[in-house]
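Remarks on the structure that follows.
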Amino acid sequence: MKRPETADPRTYIHPIWNGIGCILVVLIPLVGWALSSPALNMATAQGISIPPELRSAVQMPLIPLGDSSIGGGWVPLFYARLLFTAVLSVVVFTLLTLVYSLIYRASGGGKGDPFDMDMPQKPRRRRRR
């Protein structure tokens with residue numbers, strides 16, 4: 001794939017980054033949801049009380065898919081798990097951003113972008129004859 005010609009090559013973003021960003025938008029909340037159940041179990045084992053407003057269970061609707069179906073079960077501590085999912089999603093996003101920035105700097109990136117100011121130039125001395 002040939003890189004398209006642009007006026008400023010520093011503004012070019014490879015198209016694969018759009019796909020990676022889309023995958024992360026879906027993947028990070030799923031990781032947060034998966035981590036919220038063990039986190040809630042550890043919190044209750046440590047003696048942290050969950051407010052009654054967050055303790056209610058919610059029944060998921062049954063979704064038929066041809067010969068099989070998904071859902072139809074009760075999710076205990078649904079609102080607490082939803083809150084933990086939001087918090088853990090922010091934590092996972094922050095960690096991924098930190099790791100990405102460290103790798104970017106270590107790989108020699110960060111030479112500047114179009115929004116950075118140019119480096120100050122020393123005034124050149126005129127040569128006299």
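Nothing in this text is a laboratory measurement; each read-out follows from the coordinates by a stated rule. Just so it is clear, the structure is predicted and the values come from calculations on it, not from any experiment. Backbone-built Cβ (ideal geometry, glycine too); neighbour counts: all protein chains shown.
With neighbour counts taken as other beta-carbon atoms within 10 Å, the residues 56, 37 rank, fewest first, as 56, 37.
For 44, 85, 97, the sequence from fewest to most other C-beta atoms within 10 Å is 97, 44, 85. For region 63-105, just say rounded, prolate or oblate: build the C-alpha gyration tensor, square-root its eigenvalues into a ≥ b ≥ c, call rounded for a/c under 1.5, and beyond that prolate if a/b exceeds b/c, oblate if not. Since a/c reaches 1.5 but b/c is at least a/b, the shape of region 63-105 is classed as oblate.
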